[in-house]
Amino acid sequence: MTSKEEKKFLTRLKKFSQEIFNATDAAVMEGFEYFQTSEYKKTGAVKSRAKEMFANKGLKGSVRLATHMAKRMPSMLSNIKKNYRDMDDYLYSLENGKAIPHTSEKVVKAFPNKDIWNDLLQYSWIKHKVIVGFTKVSEEYIFKGKAIPFQYALVFAQEMRKESIEKAPELDAGMEVVNVYNSLGIATNDIVAWLKKKYKIMGMANHPLGGLVDFVPLAEKAGLGLIGRHGMVITKEFGPRCRIAPIFIDEKIFQVTDTTEHEWISEFCNKCGNCARSCPVEAIYERPKLVQTSISENTKDRYESYDREKCFVSFSATMGCALCISVCPFSRNPKIYDEMKTKHWKIRKVDNNAN
Ligand code: SF4
Ligand code: SF4
């Protein structure tokens, strides 16, 4: 979703090509933006989306949904605007040749800032119930036509309530998706302000609803989890029942949290397939399709796990669908990750011994 503020921000930022990080030639288009293209509209999916929504939810459901959206939308829009408004001083300094706001030298020199990191984890969890990773942003993840001012990112994930997601594809699940888009947008704006005020760390929050960067591979790279067959990041803490958003940071002030510890999940997915079997529109592919070959050592090739046109019709009709999330075994409870990991390695050992 591209807001007026984002467009203005990018126009100003892109004048400083030496200072910023641009999308690569092979960049993919941001999802919500793709749905506004004439190419997508020609498919007739926009009309069928409205029709499906009414057919699915009827008048009562549609009114319930519209009321919920009307309550959350002002907050989401104001938090998206805030992401860009808070960068005004930064852009003004660039435009006028002034010293640009920067993370304090004291913090930069004190890398890896373990005390600040622990304080950040604690603040983020206690105040917003979000988990955190830190990584270098690969330019491959920047969406087509976009750019970012800083090269590192804190990546946050916030849980969607199990009781609501379990009701997917009922409206309760979709409403929870919207709730967490909103609460995570509030959380990242609050955390970036806290970092600036308490530690003089320069950052830019990016709202979970349509960002400058593809948050899914970014969260995987930051070690929050692994992309499952349904295309969502399966985290240890919440499974795929979460939404993701970053704060871009100007310096490498923390140790990166990149890890390979979640790799075993791909083998598990190969045997499971629950999400693909449960998708009402058969949007999840048997084998994910390659969309972008990695151009750096630190990133993986990127795959598309599902047909986004098919999914979006169903997603819009229910305002979140989330059926593939609700049937994913990792969504059950926080202990399931470790239980399944242990079970997986035991089975693997038996298989290896048998061979
Ligand atoms: S959100 Fe719904 S429609 Fe989309 S892939 Fe998941 S189950 Fe299928
Ligand atoms: S439902 Fe099964 S196959 Fe799909 S993402 Fe979850 S674990 Fe993987």
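Quick check on my filter: what residues within the range 197-208 are at negative phi and in contact with a Ser or Thr (Cβ under 9 Å, 6 or more places away or on another chain)?
TYR199, ILE201, MET202, GLY203, ALA205, ASN206, HIS207, PRO208
Filter the range 297-355 down to the residues that are within 15 Å of ligand 2 (Cβ to nearest atom), outside any helix (DSSP H, G or I) and either out of contact with any Ser or Thr (no Cβ under 8 Å at 6 or more places or on another chain) or not aliphatic (A, V, I, L, M) (or both) and list them by number. Within the range 297-355, TYR303, GLU304, SER305, TYR306, CYS321, ALA322, CYS328, ARG332, ASN333 qualify.
Test GLY211 against the stated conditions and say whether it is within 12 Å of the chain's Cα centre (by Cα), touching a residue at least 24 places away in the same chain (Cβ under 8 Å) and at positive phi. Taking the combined requirement at face value, the residue does not satisfy it. Identify the residue in the range 283-302 that is within 14 Å of ligand 1 (Cβ to nearest atom) and surrounded by 12 or more Cβ atoms within 10 Å (Cβ to Cβ) and, among all such residues, is nearest to GLU140 (Cα to Cα). Top of the filtered list is PRO288. Checking the structure you have, find out if any residue of the range 328-349 is free of Cβ contacts under 8 Å to residues at least 40 places away in the same chain, in contact with a strand residue (DSSP E or B) (Cβ under 9 Å, 6 or more places away or on another chain), under 18 Å from PRO169 (Cα atoms) and surrounded by 13 or more Cβ atoms within 10 Å (Cβ to Cβ). Scanning the range 328-349, I find no residue that is free of Cβ contacts under 8 Å to residues at least 40 places away in the same chain, in contact with a strand residue (DSSP E or B) (Cβ under 9 Å, 6 or more places away or on another chain), under 18 Å from PRO169 (Cα atoms) and surrounded by 13 or more Cβ atoms within 10 Å (Cβ to Cβ), so the answer is no. Taken together, ILE80, ILE131, ILE126 contain a single residue that is farther than 23 Å from LYS221 by Cα, of a type outside the set (D, E, K, R) and surrounded by 20 or more Cβ atoms within 10 Å (Cβ to Cβ), which is ILE80. Among the conditions (1) within 20 Å of the chain's Cα centre (by Cα); (2) of a type in the set (D, E, K, R); (3) modelled with pLDDT of 95 or more; (4) within 20 Å of PHE21 (Cβ to Cβ), the only one that ASP89 does not satisfy is (1). If we scan the range 238-249, do we find a residue that is in contact with a Pro (Cβ under 9 Å, 6 or more places away or on another chain), surrounded by fewer than 24 Cβ atoms within 10 Å (Cβ to Cβ) and not aromatic (Phe, Trp, Tyr)? Within the range 238-249, not a single residue is in contact with a Pro (Cβ under 9 Å, 6 or more places away or on another chain), surrounded by fewer than 24 Cβ atoms within 10 Å (Cβ to Cβ) and not aromatic (Phe, Trp, Tyr). Within the range 65-85, can you find the residues that are more than 21 Å from the chain's Cα centre (by Cα), hydrophobic (A, V, I, L, M, F, W, C) and at pLDDT 85 or above? Residue satisfying the conditions is ALA70 alone.
Residues in the range 318-334 that are more than 9 Å from ligand 1 (Cβ to nearest atom) and more than 16 Å from GLU261 (Cα to Cα): 7 in all.
Within the range 54-94, the set of residues being of a type in the set (Lys, Arg) and in contact (Cβ under 8 Å) with a residue 60 or more places away in the chain comprises LYS57, ARG64, ARG72, LYS81, LYS82, ARG85.
Residue count for the range 245-280, restricted to those that are closer than 26 Å to SER326 by Cα and either charged (D, E, K, R) or within 15 Å of ligand 2 (Cβ to nearest atom) (or both): 20. Here GLY231 clears all of (1) under 20 Å from the mean Cα position of the chain (by Cα); (2) surrounded by fewer than 22 Cβ atoms within 10 Å (Cβ to Cβ); (3) not in a loop (DSSP other than H, G, I, E, B) except the condition numbered (3). One residue stands out in the range 253-278 among those that are within 16 Å of ligand 1 (Cβ to nearest atom) and part of a helix (DSSP H, G or I): the one that is surrounded by the fewest Cβ atoms within 10 Å (Cβ to Cβ), namely ARG277. Among what's in the range 306-317 and is among the hydroxyl-bearing types (Ser, Thr, Tyr) and within 8 Å of ligand 1 (Cβ to nearest atom), pick the residue that is farthest from PHE143 (Cα to Cα). This residue is SER314.
The values are calculated or read from the model by the stated rules, or taken from the named source; none is laboratory data. As the structure is a prediction and not an experimental result, all values here were calculated from the model. No Cβ is skipped: glycine too gets one built from the backbone with ideal geometry, and neighbour counts run over all protein chains shown.
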